[in-house]
Amino acid sequence: MSAVTDEILEKLKTLTLLEAAELVKQIEETFEVSAAAPAGGMMMMAPGAGGAAAAEPEEEKTEFDLVLEEVPADKKIAILKIVRELTGLGLKEAKEMVESAPKAIKEAMAKDAAEDAKKRIEEAGGKASVK
């Protein structure tokens, strides 16, 4: 790699999750592209370049969403701390997220990471699910 790409990669490693999400949004808007994975693993086609695609066999799900289902009032602070760790959000944003349960608190996670986060929330007294 070139020095420029190495430098960019090092800067990307220091971003918080929230900053990374904002960067993706800005890239999508600036270059009029989508960071979403193409359906069925197919390469993106130019608009109007093809007809309806044949039905693809369903792929195994590789990304999971962590949903905070329920937060008992007496466990709110412990769960709030975990949500802040998982999301990198500030106190106000994390508090709003916890108070608006049921709510997806983290999306597109690896299954192991989602299950681990669910376990941590449940150990703190909350209810969560992986979808």
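Once you keep just the Cα pairs under 8 angstrom separated by 6 or more residues, what percentage relative contact order results for the stretch 64-130? The value is 56 percent. Taking 0.36 nm per residue of separation and subtracting the current Cα-Cα distance, fully stretching the chain between residue 123 and residue 108 would add 3.2 nm. Highest average first, the peptides 19-28, 106-115 ordered by how many other beta carbon atoms sit within 10 Å of their residues are 106-115, 19-28. For a straight C-alpha distance cut-off of 17 angstrom, the lysines reachable from residue 76 (same-chain residues fewer than eight places away being disregarded) are 92, 95, 103, 118, 119, 127.
Counting only residues at least eight positions apart within a chain, or on another chain, the lysines with an alpha carbon under 22 Å from that of residue 11 are 25. Highest mean packing first, where packing is the average number of other Cβ atoms within 10 Å per residue, the peptides 118-124, 90-96 line up as 118-124, 90-96.
Taken together, the values in this text are just the output of simple stated rules run on the coordinates, not laboratory data. What you are looking at is a predicted structure, and each value in this text was computed from that prediction instead of being measured. All Cβ positions, glycine included, derive from the backbone under ideal geometry; neighbour counts span all protein chains shown.
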